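Here is the structure we will look at, set down as structure tokens.
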Amino acid sequence: MPIDIPSILRECHRLRRHLRDLKEEIDRGPRVLKAQQARLAAEEQEHKDAYEIIKRLKLRQKEDEGSLKVVEANLDKLGTKAMTVTTMKEMEAVKHETEQANAKKGLLEDAILGAMTEIEERTANLPNVEKKWKDAQAEFTQYQVDAKERMERMLEDRSLSESELTRRETELPNDMRDQYERLIKAHGPDGLAGVKGTVCGQCRSVIGESRFFELEAGKFVLCPVCGRGLYLVRE
């Protein structure tokens, strides 16, 4: 039974391109994992920040409440002092100091109220924060499961494809194999190209009738323009 050279070359070309694609996907795995880990770390930081912000707000509120007590105590002293001053100059000084203390008191009260409101709002949103963090962890866990299964499938596919490629390449006649291997070494999976009609699938050049007839006769023909090994593609 004659050797079907076009079929062998076609399958070798397909397998080598498939193995190249598999390698790219396998190599991309660690990069995708790193991106997923970075995303999870960002979600974790956001989760921590939600509690840290509330903690800082409560601390600031406590500090402002302490400052407010000091200001109120000072206002009490100023009120007592106002009843004992005897000169207009002293009265003006107490009045000015009282106005400053009242202004500071107003700012502190606004800050305390603002902090209380923000703490309330952020605390009410904590269930959403927890859900988002829980969902992010679950998504990452599922990604790990899916990625592991996919990697196992690709590694198995690679092993089977390599074995099949070796088997098909050994079917090439010895006089063709050396030239085939030189093309693969020079161009990788693109060392071969299919021909539709009389057009090279690599460079889209017309190969001419004589080369087309040689291909039909089962010879190993190179494209006159790009130098790829050719095989006929049957419609």
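Tabulated results
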{"read-out": "The listed residue being surrounded by 13 or more Cβ atoms within 10 Å (Cβ to Cβ), hydrophobic (A, V, I, L, M, F, W, C) and assigned to a helix (DSSP H, G or I), out of ALA50, ALA73", "value": "ALA50"}
{"read-out": "All positions within region 197-224 that are within 41 Å of the chain's Cα centre (by Cα) and either exposed (fewer than 12 other Cβ atoms within 10 Å of the Cβ) or part of a loop (DSSP other than H, G, I, E, B) (or both)", "value": "GLY201, GLN202, CYS203, ARG204, SER205"}
{"read-out": "Test: residue in region 55-64 that is among the hydrophobic types (A, V, I, L, M, F, W, C), farther than 30 Å from GLU156 by Cα and either within 28 Å of the chain's Cα centre (by Cα) or at pLDDT 95 or above (or both)", "value": "yes"}
{"read-out": "Region 136-155, residues that are free of Cβ contacts under 8 Å to residues at least 40 places away in the same chain and small (Gly, Ala, Ser)", "value": "ALA138"}
{"read-out": "Residues that are aliphatic (A, V, I, L, M), part of a helix (DSSP H, G or I) and under 16 Å from ARG14 (Cα atoms), drawn from region 159-191", "value": "LEU160, LEU165, LEU183, ILE184"}
{"read-out": "Any hit, region 13-24, residues being surrounded by 13 or more Cβ atoms within 10 Å (Cβ to Cβ), in contact (Cβ under 8 Å) with a residue 24 or more places away in the chain, touching a strand residue (DSSP E or B) at 6+ places or on another chain (Cβ under 6 Å) and in a helix (DSSP H, G or I)", "value": "yes"}
{"read-out": "Residue check for PRO30: exposed (fewer than 12 other Cβ atoms within 10 Å of the Cβ) and either out of contact with any Cys (no Cβ under 9 Å at 6 or more places or on another chain) or assigned to a helix (DSSP H, G or I) (or both)", "value": "yes"}
{"read-out": "Selection from region 176-198 of residues that are over 28 Å from LEU22 (Cα atoms) and either out of contact with any Phe, Trp or Tyr (no Cβ under 9 Å at 6 or more places or on another chain) or touching a residue at least 12 places away in the same chain (Cβ under 8 Å) (or both)", "value": "THR198"}
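Every residue, every condition in (1) of a type outside the set (Lys, Arg); (2) under 22 Å from PRO127 (Cβ atoms), yes or no:
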{"residue": "ALA42", "(1), (2)": "yes, yes"}
{"residue": "ALA50", "(1), (2)": "yes, yes"}
{"residue": "LYS55", "(1), (2)": "no, yes"}
{"residue": "ASP76", "(1), (2)": "yes, no"}
{"residue": "ASP110", "(1), (2)": "yes, no"}
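The values are calculated or read from the model by the stated rules, or taken from the named source; none is laboratory data. Values in this document were obtained by computation on a predicted structure and should not be read as measured data. Counting neighbours? That spans all protein chains shown, and the Cβs are built from the backbone with ideal geometry, glycine included.
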